[in-house]
Amino acid sequence: DSGVTQTPKHLITATGQRVTLRCSPRSGDLSVYWYQQSLDQGLQFLIQYYNGEERAKGNILERFSAQQFPDLHSELNLSSLELGDSALYFCASSGGRNEKLFFGSGTQLSVL
Amino acid sequence: AQSVAQPEDQVNVAEGNPLTVKCTYSVSGNPYLFWYVQYPNRGLQFLLKYITGDNLVKGSYGFEAEFNKSQTSFHLKKPSALVSDSALYFCAVRDRSYFGNEKLTFGTGTRLTIIP
């Protein structure tokens, strides 16, 4: 168990809908990262938050947004969903700049 | 920009034989390098990392990796493969000379299959 909790584990929705993925980092970790894993794109970095502030941005679509709350949990919001958004979304946390990432078990999103 | 390449999508090794999973990297400065493993329906698990110091890094489950600066490589190795090593392996890099850059960039992954 990595200590990173992601909910829900599975999400099935329709095109055009909006969903929210939730992540609770390991106790004490200030950094939260979101990654998208798909068969054709591999593991893509989306966004990083550090202690409530956005730290780095990757290949995140404008339809997607994220935030980190004062209790350090994070949410990834995906809107106007398309079939191509179907993927496994991972959250990871770390305790510092040079520390390894601890990954949650992911949320499998299926857009039908 | 930072990137890693894993040239082999699939590697098959007989149980008990040594295994190597290849990784090359590209960064503008000095790299931090990582290997992660993903088992079915699980998140990525950390195996080992290279920050500085010895070029041979030892990690979890008997794995090790050799940092080669001249060849910009960081190959993952194990002297004797187990069937339980079968999984998807990811190499990752972070450019440590880029202040504020804390994201890891992952390779496309190599599926390792150990044949009994």
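The values are calculated or read from the model by the stated rules, or taken from the named source; none is laboratory data. Remember, predicted model here, so these are calculated numbers, not experimental data. Virtual Cβ from ideal backbone geometry, glycine too; neighbours counted across all protein chains shown.
The table for this structure:
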item	result
Hits in the stretch A:39-58 - residues which are more than 11 Å from the chain's Cα centre (by Cα) and within 11 Å of chain B (Cβ to nearest Cβ)	A:39, A:40, A:41, A:42, A:43, A:50, A:55, A:56, A:57, A:58
So residue A:14, is it among the aliphatic types (A, V, I, L, M) and within 25 Å of residue B:93 (Cα to Cα)	no
Residue tally, condition out of contact with any His (no Cβ under 9 Å at 6 or more places or on another chain) and either within 12 Å of chain B (Cβ to nearest Cβ) or of a type in the set (Gly, Ala, Ser) (or both), over the stretch A:7-25	4
Test set (1) free of Cβ contacts under 8 Å to residues at least 40 places away in the same chain; (2) within 14 Å of chain B (Cβ to nearest Cβ) - residue A:70 fails condition number	(2)
Candidates B:73, B:60, B:28 - the one that is of a type in the set (Gly, Ala, Ser), closer than 17 Å to residue B:105 by Cα and at pLDDT below 95	B:28
Single residue of A:69, A:102 found to be aromatic (Phe, Trp, Tyr) and over 22 Å from residue B:44 (Cα atoms)	A:69
